[in-house]
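Encoded as structure tokens, the structure appears first; notes follow it.
No lab work stands behind these numbers, since they all come straight from the coordinates. Remember, predicted model here, so these are calculated numbers, not experimental data. Glycine also receives a Cβ, built like all others from the backbone with ideal geometry; neighbour counts cover every protein chain displayed.
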Ligand SMILES: [Zn+2]
């Protein structure tokens with residue numbers, strides 16, 4: 001059974017199986033014309049039959065060419081979709097390493113999830129240096145992983161966390177810096 005155009009649609013490109021069935025019909029017709037031509041004695045009649053046969057074969061070729069073009073477009077889409085999926089999976093795996101953390105009340109950042117056993121003073125201790133990731137950047141369309149920079153509290157000013165990309169500032173509560181991220 002051959003599917004119709006409406007039945008088989010792959011991401012916007014209809015798979016037109018009628019092209020293949022059309023090609024098969026054309027080839028069958030050409031074969032029948034050829035058989036009939038073999039029985040003819042008259043050269044003019046035979047030439048007409050051969051011309052008709054050639055026309056059918058050209059039809060078949062055109063249908064198959066159109067079908068090939070569709071197939072190539074589908075292959076390209078399949079390739080692009082596979083690539084996108086790989087990117088999304090990678091981003092998800094990357095995101096899974098971080099958990100949302102309230103740096104100061106009402107202000108959030110992502111923090112590498114070190115697990116409950118590997119903590120120091122309530123903060124995780126992981127193999128890589130302790131760091132915060134900017135939440136707006138990480139949740140944005142580009143999924144950018146931007147490490148927040150600490151402008152530490154000094155005698156004169158209260159410190160803050162700063163994102164060099166989206167310029168988000170998170171002011172520290174006014175006491176000592178919350179984690180030992182100064183380097
Ligand atoms: Zn940012």
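Roughly how far apart, in whole Å, are the Cα centres of the stretch 24-68 and the stretch 140-177?
Centre-to-centre (Cα) distance: 77 Å.
Arranged from highest to lowest average of other beta-carbon atoms within 10 Å per residue, in what order do the peptides 86-92, 56-62 appear?
For the peptides 86-92, 56-62, the packing ranking is 56-62, 86-92.
Where a ≥ b ≥ c are the square roots of the eigenvalues of the C-alpha gyration tensor, would you call the stretch 9-90 rounded, which needs a/c under 1.5, or, failing that, prolate if a/b is larger than b/c, or oblate?
The shape class here is prolate.
How far is it, in nm, from the label point at residue 75 to the one at residue 158 when both lie 7 Å from their Cα along the line to the Cβ?
It is 6.3 nm.
For residue 58 and residue 165, FRET efficiency with R0 = 45 Å and r from the beta-carbon atoms, rounded to 0.05?
0.15
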